[in-house]
Number of protein chains: 2
Amino acid sequence: MASPGSGFWSFGAEEGNRESDNQGTAKAWCQVAQKFTGGISSKLCAMLYGEGEKSKESTNKEEICTGNQGFESSFDKKSCSCDKGELNFSLLYSTDLLPAKNGEAETMRFLQQVIDILLQYVVNTFDRSNKVIDFHYPNELLQAYNWELSDQPQTLEGILLNCKTTLNYAVKTGHPRYFNQLSTGLDMVGLAADWLTSTANTNMFTYEIAPVFVLLEYVTLKKMREMIGWPGGSGDGIFSPGGAISNLYAMLIARFKMFPEVKEKGMAAIPRLVAFTSEHSHFSVKKGAAALGIGTDSVILIKCDERGKMIPSELERRIIEAKQKGFVPFFVSSTAGTTVYGAFDPLVAISDICRKYKIWMHVDAAWGGGLLMSRKHRWKLNGADRANSVTWNPHKMMGVPLQCSALLVREEGLMQSCNQMHASYLFQQDKHYDLSYDTGDKALQCGRHVDIFKLWLMWRAKGTTGFEVQIDKCLDLAEYLYNKIKNREGFEMVIDGKPQHTNVCFWYVPPSLRHMEDNEERMERLVKVAPVIKARMMEYGTTMVSYQPHGDKVNFFRMVISNPAATHQDIDFLIEEIERLGQDL
Amino acid sequence: MASPGSGFWSFGAEEGNRESDNQGTAKAWCQVAQKFTGGISSKLCAMLYGEGEKSKESTNKEEICTGNQGFESSFDKKSCSCDKGELNFSLLYSTDLLPAKNGEAETMRFLQQVIDILLQYVVNTFDRSNKVIDFHYPNELLQAYNWELSDQPQTLEGILLNCKTTLNYAVKTGHPRYFNQLSTGLDMVGLAADWLTSTANTNMFTYEIAPVFVLLEYVTLKKMREMIGWPGGSGDGIFSPGGAISNLYAMLIARFKMFPEVKEKGMAAIPRLVAFTSEHSHFSVKKGAAALGIGTDSVILIKCDERGKMIPSELERRIIEAKQKGFVPFFVSSTAGTTVYGAFDPLVAISDICRKYKIWMHVDAAWGGGLLMSRKHRWKLNGADRANSVTWNPHKMMGVPLQCSALLVREEGLMQSCNQMHASYLFQQDKHYDLSYDTGDKALQCGRHVDIFKLWLMWRAKGTTGFEVQIDKCLDLAEYLYNKIKNREGFEMVIDGKPQHTNVCFWYVPPSLRHMEDNEERMERLVKVAPVIKARMMEYGTTMVSYQPHGDKVNFFRMVISNPAATHQDIDFLIEEIERLGQDL
């Protein structure tokens, strides 16, 4: 592929962008910074006044880290006379940290240093003068540093540098101009909650070792079921490691519901099953079918209308056809918010068909589920209350840190019957508390990561209305983008009409192609435009947005907005940046 | 079940243990604490000198949080004159944090407050005078606080209190006397790395959005394969959400290797498969077979010797038997470190049989894999180098924070062929970088949590030799425990001989049962002993250790040691605590 910008940057160059503020801004900023606790204050001041140049220069080599000392000499003493404890991390190892005897001071200082690095990254993330990514090709990055694992330990100084280096080349997924995936943004309360989760370091399988988290999962799943519209929030559910696994769970449970003997006897003992989903649905439905031994050929892809919504009459036709062939339709996975177009399948009509033919109705609302929080937009999920199961990923539209995906199931107890194996070393039946809180045997997993706390804490911090405001704003921005480009020269919409979700799909047509006939040559050139612009975006590091072909449509941009940090100006920037990077193509 | 200690504690009582240090210790501690950065210094001093009483009293109600002010009035001014920025969190909401305009100061102060809470929890974790758990029954805990999610936002003061409350009732899984699961301990570098992972908040599916993490996964998996003994570390692998999913992956790939058409055509198109594993293996092998449509009846459990090791001749006999019935043996899951006994199957003998009958050999070394780091103990996994796939959970014996589980596969490319669906919106073939680093299509999942950084950073910090020291120490402690109790009155070993792993299984026999005949009455009483002692442990909060029945053996304790914080004194404590809590039974 073209690498249009190659040569305009070199490794470690252009790092200084973040220090481009003028001295006046720096001064004002530093006054704020001095109020912070922790080493961040001195670091920020130092960086703003130019001491940061040092770290800029040193991204290429593993510099000597001196803790705060270097900065303190010029700044910190002005504002604070307290002794910050000058530990020399170049003489310390992880064995000097807790649980080492008398390791408390070293531990606190080390962790605080790490936090200072992280807080600086957080501030940088939201600063538009910073790059979204400082991109380097895999081989360059592999060779630029020594990433190898060896027999001997590194000093804590080395470990702190490893942290800095890792973040230097991380993609700032919370940057206001990062639009590359359905999951974007960096929520401060969510981040705090994830830090707490790491510190608590436990496992969801039993109440015994995760009492609060198990209760919070119970409370939150109930609330989510209420929002779906299931009476009294009754039903079941689980947080799983992502939407694909949630969809797999749904298919697994649906199969068990229809043929419980499959658990012991396998697919050999039951009729040939078929599942249905739209041609615009997520690939995880097929992945799940392959894994479950159903096979991808038994996933029938239903035609969509031009907006990407499943056509109910097509669904019914294919169900009848499958039955005539002797297959047993057992699962319809409808989509609320498709990955590329952001389309919502007509759930009410689909649910009528599912009831008529007694088929499990699943709604993959991994992407669209967040709209249930919005009084203005929740109608798009009308009919989800009639589903048997719903996938809903708070790590997408609700901005919860990765990973946070829920599967909600209407019928209680089914997950347990389907997955339980009664491991006696975990789920002892003679424990002294209410065993219904030991939820581990519902899961395919044994150990299960704590994904609940960040969602719960964010919900407490925002309230449902806070999520609503945040989500409505993202949808407004998508409409703003649509209105700006629908008639703009050089932009062509992939689908007509204003967006239903925050997906806006469009081609950018460079000047050289605008007056060409719509023939093969034009197509061959158009297909290359989005990849080149994307590569340039990444190399400049100014913004990131996804592109892909879809069906018979060649590479187009798929803009999505889930980051509450994005503003109208960021949308304007994106449009102009695409024009700037693509005008010569 | 009996709830023997009920009444001896009440909600919120006995909280004061952590403040039990005498004033002399407090003073010395405070001098250390004053060197810390961040609010932790003043908090620690305040807590040590008794201001902590305030928070003790308030665990029952949602107190007014005043940031540092309350503490600063008495202590902080002595040591530091810097302005710590007295924000009133009772007037602030999450909308005042970044990305809010001018939200930097509020964000830094809020996150630093959270960190202060977390650092305090870390210090408390390693302090033996603190409880492992402040246990309350589910209904008590549900009713003691308002955990509900409402329409309206909470203030940041409320959010900080939520964090404190959550940690008050968390199980201190890093406490030196927490022995309840295979995953214990709290590694400081691992914790730092997990905080960084949360802050970077990205997804493993493409190099595009996780460049460094993808490279680190590549480097680390290669190193792990080298340690298994595969030539040049070649092969494949992935970090998955836990050992159960890693085992499921292995079975999925093994099936695909033998019958690639299963991906499209499903189980209906291939012969009846059977898998083999020992009767002591982890329940996830059966769970996987149920999910994959193979069925639990097709998992044949092979007899073990008295130490819990699979008997190879039994394996061969059952393979021949299955073939005679017309089934196709496709998968043997051997175990290196069983969950309860810590047994290592004879891998070399098993591999001979697998080669003879052309069956995929999997090694579930979720628990035992860590021993590969030890020159003294790695012989127990001899033969793993002959396996086709290995599950290895660094979050168990290596003490990496949860979750961190790897599946290693000997044949490169198989995972990709098995699972890929070519999603064009993620895995564009015309990207500008080397696409082999887009590893997402290998996975069953779409989004995949970043589990690599904590392992990589810990490995850098310890070196292989550091892991070795840590693991050898845990095994030494297990042997110490075994030697102490094997002839001790009131203790009966479940299996003879010194432990192979850190599992030590034993009954505690209270005085009243010691001279009873070995009849049904004794059995009926013995079965209740472990649950009662465990309930009492949890209610006193002094220690936690697991118990279970197994086969024909009634409830016994399974002690495991994976926490580097544990010492000989903690083992002594455990023995005496069991005697103390069980003597009246």
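Beta bridges per DSSP, both residues in chain A: antiparallel share near 50 percent.
Rounded to the nearest 10 degrees, the inclination of helix B:347-357 to the longest alpha-carbon principal axis of chain B is 40 degrees. Dipole check for the protein assembly as shown: with +1 at the C-beta of Lys and Arg, -1 at the C-beta of Asp and Glu, and the Cα centre as origin, the magnitude is about 2180 Debye. Label points for B:GLY229 are taken 7 Å from Cα along Cα→Cβ. From this copy to the others they lie 6.1 nm apart, shortest first.
Helix A:211-228 and the longest principal axis of the Cα set of chain A meet at an angle near 50°. Between B:ASP364 and B:SER334, B:THR335, B:ALA336, B:THR391, the built amide H atoms are under 5 Å apart, and every one of these is 5 or more places off in sequence or on another chain.
The length gained by stretching the chain between A:LYS473 and A:GLU411 to full extension, at 0.36 nm per residue less their Cα-Cα distance, is 18.9 nm. Looking at the range A:515-585, the pairs of alpha carbons with a distance over 21 Å make up 31% of the total.
Taking 7 Å along the Cα-to-C-beta vector as the label spot, tell me the B:GLU576-A:GLN429 distance in nanometres, rounded to one decimal. Output for this residue pair reads 3.8 nm. Quotient of the Cα radius of gyration of the protein assembly as shown and 2.2 N^0.38 Å, N being its number of residues: 0.90. For chain A, the mean residue ellipticity at 222 nm estimated from helices alone is -12500 deg cm²/dmol, where every DSSP H run of n ≥ 4 contributes -39500 (n - 2.57) and the total is divided by all residues, rounded to the nearest 500.
Inter-copy label distances at B:GLU492, using a point 7 Å along Cα-to-Cβ, come to 8.2 nm with the shortest given first. Look at where the Cα atoms of the range B:421-454 and of the range B:297-331 average out, and the two centres are 37 Å apart. Label separation (B:PHE327 vs A:LYS356): 4.3 nm, computed from points 7 Å beyond Cα along the C-beta direction. Over the C-alpha trace of the range B:437-522, radius of gyration and Dmax come out as 22.1, 66 angstrom. For chain A, pairs of C-alpha atoms spaced more than 36 angstrom apart make up 46 percent of the total. Convex hull volume of the C-alpha atoms in the range A:108-197, normalised per residue: 141 Å³.
Ordering B:ALA275, B:SER333, B:ILE238 by the projection of their Cα atoms onto the charge dipole of the range B:208-351, which places +1 on the Cβ of Lys and Arg and -1 on the Cβ of Asp and Glu, puts B:ALA275 at the extreme positive end. In nanometres and ascending order, the distances from the A:LYS323 label point to those of the other copies are 4.6 (point 7 Å from Cα along Cα→Cβ). Taking 7 Å steps out from each Cα toward its Cβ at B:GLU521 and B:TYR480 produces label points 4.1 nm apart. Rounded to the nearest 10 degrees, the angle from helix B:312-324 to the longest Cα principal axis of chain B is 60 degrees.
Per residue, the Cα convex hull of the range B:448-585 amounts to 148 Å³.
Straight-distance candidates among the aspartates and glutamates for linking to A:LYS553, with alpha-carbon spacing under 19 Å and chain neighbours fewer than 8 residues away dropped: A:GLU279, A:ASP305, A:GLU306, A:GLU492, A:ASP496, A:GLU517, A:ASP518, A:GLU520, A:GLU521, A:GLU524, B:ASP430. The residue in chain B that lies nearest, by its beta carbon, to the axis linking chain B with chain A is given here with the distance in whole angstrom as B:GLY293, 1.
Equivalent-ellipsoid semi-axes for the range B:218-288 (Cα gyration tensor, √(5λ), whole Å, largest first): 25, 17, 12. Just so you know, the Rg over Rh for the range B:159-260 is 1.06, from Cα atoms, with Rh as the Kirkwood radius.
Think of chain B as having a plus end and a minus end, set by charges on the Cβ of Lys, Arg, Asp and Glu; of B:LEU141, B:ILE561, B:VAL219, B:VAL219 sits farthest toward the positive end of this dipole.
For the range A:148-193, the average shadow cast by the Cα convex hull is 5.1 nm², which is a quarter of the hull's surface.
Read the figures in this text as sums done on the coordinates, not as results from a lab. Treat the numbers as computed from the prediction; the structure is a model and nothing was measured. Cβ atoms come from the backbone with ideal geometry, glycine included; neighbour counts cover every protein chain shown.
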